[in-house]
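Readers should treat all values here as calculations from the given coordinates under stated rules, not as data from a laboratory. Fair warning: this is a prediction, and the values are worked out from it, not measured in the lab. Cβ placement follows ideal geometry from the backbone for every residue including glycine, while neighbour counts extend to all protein chains displayed.
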Ligand code: AMP
């Protein structure tokens with residue numbers, strides 16, 4: 001497992017060094033609008049802990065952190081009225097997965113019918 005980079009952009013957001021448009025926050029999770037949205041609703045959900053990827057999170061995070069992240073996703077979906085028409089969650093991991101920021105993040109995309117191809121959201 002690579003070492004967590006404290007200079008990644010989401011670490012800076014968590015430290016308050018870079019602004020974000022917060023949509024949800026608790027002791028374990030921060031969610032904010034993606035700066036370059038791919039759908040009418042495009043939210044990023046991140047754990048506050050220093051986790052690089054889904055692999056890192058699911059093998060190293062506490063049960064509480066894992067529960068809180070997934071509960072938060074459900075709440076954010078409801079808060080943004082995405083449940084009725086549907087939405088997509090995506091987590092890119094590593095080079096082949098297309099991960100650009102090395103702090104675990106879950107994309108929540110919705111507000112229109114998304115294309116089915118994974119290479120063309
Ligand atoms: P990924 O390719 O899965 O690592 O996604 C990284 C996402 O972070 C991209 O969708 C970017 O648009 C988004 N992003 C990068 N910088 C910021 C920022 N400062 N605020 C919000 N979203 C960002």
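Here are the numbers for the structure shown:
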read-out: Distant alpha-carbon pairs in the stretch 5-57 (separation over 15 angstrom), percent; value: 48 percent
read-out: Ellipsoid equivalent to the stretch 33-77 - semi-axes via the Cα gyration tensor, in Å; value: 22, 13, 7
read-out: Residue among 64, 78, 12 with the largest mean-square fluctuation in a Gaussian network model of the chain, springs linking Cα atoms under 10 Å; value: 64
read-out: Quotient of C-alpha Rg and 2.2 N^0.38 Å, computed over the chain; value: 1.02
read-out: FRET E, pair residue 25, residue 84, Förster distance 22 Å, beta-carbon r, rounded to 0.05; value: 0.35
read-out: Fluctuation leader among 46, 13, 73 - the chain, Gaussian network, Cα springs under 10 angstrom; value: 13
read-out: Between helix 63-79 and the chain: long-axis angle, C-alpha atoms, 0 to 90°, nearest 10; value: 30 degrees
read-out: The stretch 78-113-the stretch 1-61 distance, computed between alpha-carbon centres (Å); value: 12 Å
